[in-house]
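The values are calculated or read from the model by the stated rules, or taken from the named source; none is laboratory data. Note that the coordinates shown come from a computational prediction; the quantities given were computed from them, not determined experimentally. Cβ placement follows ideal geometry from the backbone for every residue including glycine, while neighbour counts extend to all protein chains displayed. Keep in mind that these areas ignore ligands, DNA and RNA; they rest on the heavy atoms of the full protein, side chains included. Shrake-Rupley method; radii C 1.70, N 1.55, O 1.52, S 1.80 Å.
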Amino acid sequence: QVQLVESGGGLVQAGGSLRLSCAASGRTFRYYAMAWFRQAPGKEREFVAAVSWSGGSTNYADSVEGRFTISRDNAGNTVYLQMNGLKPEDTAVYYCAASRTGLTLRELRYDYWGQGTQVTVSS
């Protein structure tokens, strides 16, 4: 069982930066691939970024490639999403998720989810 708690969301102007954190409970955190998804109002939840259990492999959605960076600290049971060059279209609730089956973009492969943190980017 893994419990995930996101933090770091907020209101920022276009072009600004935010760093999201996801704190995980449980000693098995390091065995899970981790990802960030987001859901904008009126839209389906979409993949943002993922990192393998070791941190050695990452994957990004085309819309955030080059602007966002996912990383993890297995000793601290935390995964991060550094978001630079934010755009109004990045406005969404951001969710942290954990997968036992490895690095994947597929939402259904993620077993545990956090409650989400709101990110709002003003123009």
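Residues in the stretch 13-54 that are of a type in the set (Lys, Arg) and over 21 Å from Val93 (Cβ atoms) were compared, and the one that is most open to solvent (accessible area, probe 1.4 Å) is Arg27.
Listed here are the residues, each with its yes/no results for (1) touching a strand residue (DSSP E or B) at 6+ places or on another chain (Cβ under 8 Å); (2) of a type outside the set (Lys, Arg); (3) open to solvent by less than 60 Å² (accessible area, probe 1.4 Å).
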site	(1), (2), (3)
Gly56	no, yes, no
Ala75	no, yes, no
Leu81	yes, yes, yes
Thr91	yes, yes, yes
Tyr95	yes, yes, yes
Ser99	yes, yes, yes
Leu103	yes, yes, no
Gln118	yes, yes, no
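Of the residues making up the stretch 54-72, none is among the aromatic types (Phe, Trp, Tyr), in contact with a Cys (Cβ under 9 Å, 6 or more places away or on another chain) and either modelled with pLDDT of 95 or more or farther than 16 Å from Gln39 by Cα (or both).
Residues in the stretch 4-25 that are in a loop (DSSP other than H, G, I, E, B), among the polar types (S, T, N, Q) and within 19 Å of Ala49 (Cα to Cα): Ser17 alone. Of all residues in the stretch 46-67, those satisfying the criterion of being of a type in the set (A, V, I, L, M, F, W, C) and over 14 Å from Cys22 (Cβ atoms) are Phe47, Trp53, Ala61, Val64. For the residues Ala35, Ala50, Ala98, the requirement of being over 13 Å from Val121 (Cβ atoms), part of a strand (DSSP E or B), without any contact (Cβ under 8 Å) to a residue 60 or more places away in the chain and of a type in the set (A, V, I, L, M) singles out Ala50.
Six or more apart or on different chains, Cβ under 7 Å: which pairs go from a residue in the stretch 102-123 that's closer than 19 Å to Ala24 by Cα to one that's of a type outside the set (Phe, Trp, Tyr) and exposed (fewer than 15 other Cβ atoms within 10 Å of the Cβ)? Could you list them? Taking only residues 6 or more apart or on different chains, the pairs are Leu103/Ser57; Arg109/Thr101; Asp111/Arg100; Gly114/Val5; Thr117/Ser7.
Taken together, the residues in the stretch 34-61 that are farther than 14 Å from Leu81 by Cα and of a type in the set (A, V, I, L, M, F, W, C) amount to 2.
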